[in-house]
1. Filter region 118-141 for residues that are under 20 Å from residue 17 (Cβ atoms) and surrounded by 14 or more Cβ atoms within 10 Å (Cβ to Cβ) and give the result.
2. Quick one: how many residues across region 52-68 are under 15 Å from residue 29 (Cα atoms) and surrounded by fewer than 17 Cβ atoms within 10 Å (Cβ to Cβ)?
3. Step by step: first the residues of region 98-115, then only those that are touching a helix residue (DSSP H, G or I) at 6+ places or on another chain (Cβ under 8 Å) and assigned to a loop (DSSP other than H, G, I, E, B), then the one that is surrounded by the fewest Cβ atoms within 10 Å (Cβ to Cβ). Which residue is that?
4. Check whether at least one residue in region 86-97 is over 13 Å from the mean Cα position of the chain (by Cα), surrounded by 14 or more Cβ atoms within 10 Å (Cβ to Cβ) and either in a strand (DSSP E or B) or modelled with pLDDT of 95 or more (or both), and report yes or no.
5. Within region 120-136, can you find the residues that are touching a residue at least 24 places away in the same chain (Cβ under 8 Å) and either part of a loop (DSSP other than H, G, I, E, B) or over 26 Å from residue 30 (Cβ atoms) (or both)?
6. Among the candidates 29, 69, which residue alone is over 29 Å from residue 115 (Cβ atoms) and not in a loop (DSSP other than H, G, I, E, B)?
7. Could you grab me the full set of residues in region 4-59 that are without any contact (Cβ under 8 Å) to a residue 24 or more places away in the chain and closer than 18 Å to residue 104 by Cβ?
8. Please state which of the following conditions residue 55 fails to meet, knowing it meets all the rest: (1) over 17 Å from residue 12 (Cα atoms); (2) modelled with pLDDT of 95 or more; (3) not in a strand (DSSP E or B).
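The values are calculated or read from the model by the stated rules, or taken from the named source; none is laboratory data. Since this is a predicted model, take the numbers as computed values, not measurements. FYI the Cβ positions are ideal-geometry reconstructions off the backbone, even for glycines, and counts take in every protein chain you see.
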């Protein structure tokens, strides 16, 4: 069964938090699919991942780049798993109809955006009602803290 975690961004934005999670994904030798709500957000994140840290590099691409099977990290507006990812990341309005084909699902939402928080609560309830085991993580002073 897919491990589903909700990640409540309270101390930094997606552009700081997501690369850290993607670094851990790469260290675990897993592939990632990142689903965002709009093509503009895909392009924004694509640009962010090139420049987030001069000392690091996260190999990634999107439809604009092509060749998804060659990309360990694939950015899209749909949950079509074109790069054979084991980990699914949802952010900025990105949704999926089925998490079951992934080992893990990371649902990241901005705690400073009331609409994003309300939407995350709706997704949480829906997944819980479907019988999924969920975890909730919140950014704390020393990183991600698992909450009850």
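1. Matches in region 118-141: 119, 120, 123, 124, 134, 136, 137, 138, 139.
2. So the answer is 2.
3. Residue satisfying both the conditions and the ranking: 111.
4. Taking every residue of region 86-97 in turn, none turns out to be over 13 Å from the mean Cα position of the chain (by Cα), surrounded by 14 or more Cβ atoms within 10 Å (Cβ to Cβ) and either in a strand (DSSP E or B) or modelled with pLDDT of 95 or more (or both).
5. Residues satisfying the conditions are 132, 133.
6. Values: 29 fails: not in a loop (DSSP other than H, G, I, E, B).
So the residue among 29, 69 that is over 29 Å from residue 115 (Cβ atoms) and not in a loop (DSSP other than H, G, I, E, B) is 69.
7. Within region 4-59, 20, 24, 27, 28, 29 meet the criteria.
8. For residue 55, the exception is condition (2).
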